[in-house]
Every structure is written in C-alpha cells, then in structure tokens.
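The values are calculated or read from the model by the stated rules, or taken from the named source; none is laboratory data. Please read these numbers as outputs of a predicted model, since none were measured by experiment. Positions of Cβ are backbone-derived with ideal geometry, glycine not excepted, and every protein chain shown enters the neighbour counts.
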Amino acid sequence: MNRRGPGGGPLPDDEPAVPIDPAVASARSAFVKAKIEIVKRLKAEGKTQAEVELHPEIVPFVASYPALFKMLFKIDINSEAALRTMLAMLERMGTGQMTQDQASTVVGQRLYDTFIKDKIGEDRPQM
C-alpha cells in the first residue's frame, strides 16, 4: 500500500529503525530513570528549570534527552503516564522481551489513545 502526502504524491518509505542492543536499552533505561529521580529531587528542593539544567549531574541528560528534560517541567498526568510507558518499553527491550518495533507500536498506540483519540472522535467518517 502506497502512502500519499497532502498533494496526493507518494510519501517516502520510513527508514528502518536501527536495532537497539538489549544491553544498550537496559543502560539507557537505568540512566534515564536515575536522572529523572535527580530532577524530581532538585525540583522538590525548589530549584528552577534553568538551575536544574545546569546541575552537573543533569547536564549529560539534558544534552542527550532535551525534550524529555523539558517534559519533566511540564508534567501532567497524561505526560507522566506516557513517560512510564516509554520507560517500561525501554526496559522490555533491554530484557529482550520486546523488539524496538514492537515497543514503538505500543508507545504510539498509547500516545494516540491518550492525546488524539478523544479529539478526533470515533464517529469520524471512514475513508
């Protein structure tokens, strides 16, 4: 099935994801979780986003995951649930229980269910 862009022309095929070695996924998960806990602690101490961003323990995290860092300062219940889902999928990839493609599918579906589904409604016309 060919995908079509807004002008009707074909869209390029998605590039295949580079597989993540389970050990790398596991290390990333541990790194991200540890840094999230440090950010939470610093926020609880009353530090601002700018102060936390410059904290020596957080600088590598901000450099590697800038969007995730910013999300930690805008977190609401939906964002926190999405974050938990992403970290759980990363852990499953780390233990070999899931491939990167399977994890991506789960995260995408959960994000759709959380942020999009209610906005477009289930009664939209079928194409």
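Picking from ALA44, ALA82, ALA27, ALA23, which residue would you name as being under 26 Å from ARG110 (Cα atoms) and modelled with pLDDT of 85 or more?
ALA27
Kindly indicate whether any position in segment 42-53 is surrounded by fewer than 12 Cβ atoms within 10 Å (Cβ to Cβ), on the phi > 0 side of the Ramachandran plot and out of contact with any Lys or Arg (no Cβ under 8 Å at 6 or more places or on another chain).
yes
Going by the structure shown, is ILE77 at pLDDT 90 or above and not aromatic (Phe, Trp, Tyr)? Steps first, answer last, please.
On the way: at pLDDT 90 or above: no; not aromatic (Phe, Trp, Tyr): yes.
It is false that ILE77 is at pLDDT 90 or above and not aromatic (Phe, Trp, Tyr).
Looking at segment 72-117 only, could you name the residues that are free of Cβ contacts under 8 Å to residues at least 24 places away in the same chain, aliphatic (A, V, I, L, M) and over 23 Å from PRO22 (Cα atoms)?
Those that are free of Cβ contacts under 8 Å to residues at least 24 places away in the same chain, aliphatic (A, V, I, L, M) and over 23 Å from PRO22 (Cα atoms): ILE75, ILE77, ILE116.
Looking only at segment 48-68, which residues are in a helix (DSSP H, G or I), modelled with pLDDT of 90 or more and either under 11 Å from the mean Cα position of the chain (by Cα) or acidic (Asp, Glu) (or both)? Break it down stepwise before answering.
Taking segment 48-68 as the starting set, the residues that turn out to be in a helix (DSSP H, G or I) are 49-53, 59-64, 66-68.
From what's left, modelled with pLDDT of 90 or more: 49-53, 59-64, 66.
Matches in segment 48-68: GLU51, GLU53.
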